[in-house]
Amino acid sequence: MSYSTPALGFAYDALEPHIDARTMEIHHDKHHVGYTTKLNAAVSGTSFDGKDPAALLADLKALPDSIRGAVQNNGGGHVNHALFWEILTPGGSPEPEGDIKSAIESAFGGIAGFKKLFSDSAATRFGSGWAWLVSSSGKLKVYSTANQDSPLSQGDIPLLGLDVWEHAYYLNYQNRRPDYIAAFWNLVNWDIVASKFKNA
Ligand code: MN
């Protein structure tokens, strides 16, 4: 039983001009596939093979030393990217609605305040990593993680994530990470974020 990389729900060029087709193709077909392949290699032949990768990330301490780092990095890479493709949609839905909107307003003082906090978190993550909106014991929080570290490993449920590794934006934006972050808001699928919030 091995993990597989989920297909994109849209064409490589569907997110243009915000994220270019070549970046999407390399990001999905090379980077994400690479994490999935390495996750499979790490758990192959162990009792953890085929276990829900989110469950593995939620309890890294349960893993033997020999595979813990590989699961943290490549299991994280696999799960983080699966979420990322899910919360992106061509054309986006610029503003959240309903319960998730109310919860964001209550936690961050408004949608604009939330977007600024999240964008700042993404912009100030030094080196490679992710910015997150998570449900943490029922409360909404914004923070960033390094590398492929998942919020699941600190007991939180990721609702929205933004990949700020250079491979996510460098072809189109080079060093202009803030421009990539600003463009991201044109692509967010708030229906999916709302449904993750409901399930959290
Ligand atoms: Mn990536």
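The values are calculated or read from the model by the stated rules, or taken from the named source; none is laboratory data. Predicted model, so just to flag it, every value in this text is computed and none were measured. Every residue, glycine as well, gets a Cβ built from its backbone with ideal geometry; the counts of neighbours run over all protein chains shown.
Some points to look at:
- Single condition Asp120 does not satisfy, out of (1) without any contact (Cβ under 8 Å) to a residue 12 or more places away in the chain; (2) assigned to a loop (DSSP other than H, G, I, E, B); (3) of a type in the set (D, E, K, R): (2)
- Counted residues, the stretch 86-96 - those being in a helix (DSSP H, G or I) and either under 8 Å from the mean Cα position of the chain (by Cα) or surrounded by fewer than 19 Cβ atoms within 10 Å (Cβ to Cβ) (or both): 1
Yes/no matrix, rows are residues, columns are (1) within 16 Å of the ligand (Cβ to nearest atom); (2) touching a helix residue (DSSP H, G or I) at 6+ places or on another chain (Cβ under 6 Å); (3) outside the structural domain of Ser135 (by TED's automatic domain parsing):
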{"site": "Ser4", "(1), (2), (3)": "no, no, yes"}
{"site": "Asp29", "(1), (2), (3)": "yes, no, yes"}
{"site": "Tyr35", "(1), (2), (3)": "yes, yes, yes"}
{"site": "Lys38", "(1), (2), (3)": "yes, yes, yes"}
{"site": "Asp52", "(1), (2), (3)": "no, no, yes"}
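- Among residues of the stretch 60-118 being touching a Ser or Thr at 6+ places or on another chain (Cβ under 8 Å) and away from the ligand (no atom under 16 Å from the Cβ), the one that is farthest from Tyr169 (Cα to Cα) is Pro64.
- Screening Val71 on (1) among the β-branched types (Val, Ile, Thr); (2) in the same structural domain as Leu187 (by TED's automatic domain parsing); (3) surrounded by 19 or more Cβ atoms within 10 Å (Cβ to Cβ) shows it passes everything except condition (2).
- Of all residues in the stretch 152-189, those that are under 21 Å from Pro94 (Cα atoms), away from the ligand (no atom under 16 Å from the Cβ) and either more than 15 Å from the chain's Cα centre (by Cα) or without any contact (Cβ under 8 Å) to a residue 12 or more places away in the chain (or both) total 4.
- In the stretch 38-80, the residues that are free of Cβ contacts under 8 Å to residues at least 24 places away in the same chain and in a helix (DSSP H, G or I): Ala55, Leu56, Lys61, Ala62, Asp65, Ser66, Arg68, Gly69
Yes/no per residue for (1) closer than 27 Å to Ser4 by Cβ; (2) among the hydrophobic types (A, V, I, L, M, F, W, C):
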| residue | (1), (2) |
| --- | --- |
| Ile87 | yes, yes |
| Glu97 | no, no |
| Ser102 | no, no |
| Lys116 | no, no |
| Phe126 | no, yes |
| Asp163 | yes, no |
| Gln174 | no, no |
| Phe184 | yes, yes |
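- Any hit, the stretch 6-26, residues being among the aromatic types (Phe, Trp, Tyr) and farther than 27 Å from Asp156 by Cα: yes
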